[in-house]
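A short worksheet on the structure shown next.
The values are calculated or read from the model by the stated rules, or taken from the named source; none is laboratory data. As the structure is a prediction and not an experimental result, all values here were calculated from the model. Reconstructed Cβ throughout: ideal geometry from the backbone, glycine too, with neighbour counts over all protein chains shown.
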């Protein structure tokens, strides 16, 4: 039976990721989705509408992987290869069909930061919703709210509905919320930038701080220079399988060579 287990690291060097024979079947076609708010309320016993079981495609196929303390792992591959699916499976966002995933340490995943806002709710209310989905208590969220509001720098709009925001304001708030919780295991889908030139400097500094302080980094990127500069190890994912694992220079070289032959 598929198993996902996450625990807090007791000591820094206990921080680790272990995948054994992971299989993930991904649904095809439309899938019923709710909002963040309705999803939170459903945790308290709300009924779910019955849906027809969708057709599936095998997105991850017998993936085994171990990542230890201090490693910076880069995941590369073409579009549709399964690399982002692998990252989200590690984060616990996508439930696995078979195998096991065991993580020691608190996970911080940063993906699609602009998605999932409640447009009719205020920025301050969305801070609460996002914090709850990240596993924080209301008191923990309240203790960080002022910092998030200051970092986002959207003024009185923080108390207005998200639908009244410009795209730049929404991105700044999303970035501030998504990056204020520091985890032991940092999962990134591309190195993020956000907002205008003035905000970019703050955003870049915060991303560097997150990367440097993480006990483990797992980064998905199409930028081979970033993989070779930031990471200490890389894997190439193809067809939902790991086909190469080694130093970033070696794996990137093999990937580019094979890709050029296609």
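Please pick out the residue among 163, 208, 172 that is more than 17 Å from the chain's Cα centre (by Cα), surrounded by fewer than 16 Cβ atoms within 10 Å (Cβ to Cβ) and in a helix (DSSP H, G or I). Every option except 163 fails the conditions.
Being closer than 26 Å to residue 19 by Cα, outside any helix (DSSP H, G or I) and in contact (Cβ under 8 Å) with a residue 40 or more places away in the chain holds for only one residue in 251, 218, and it is 218.
Consider segment 4-37 and keep the residues that are assigned to a helix (DSSP H, G or I) and modelled with pLDDT under 60. The one that is surrounded by the most Cβ atoms within 10 Å (Cβ to Cβ) is 36.
Annotation note: of 243, 237, the sole residue that is in contact (Cβ under 8 Å) with a residue 12 or more places away in the chain, under 21 Å from residue 87 (Cβ atoms) and assigned by TED's automatic domain parsing to the domain that holds residue 72 is 237. Of the residues making up segment 221-235, those that are surrounded by fewer than 19 Cβ atoms within 10 Å (Cβ to Cβ) and either in contact with a helix residue (DSSP H, G or I) (Cβ under 6 Å, 6 or more places away or on another chain) or assigned to a loop (DSSP other than H, G, I, E, B) (or both) number 5.
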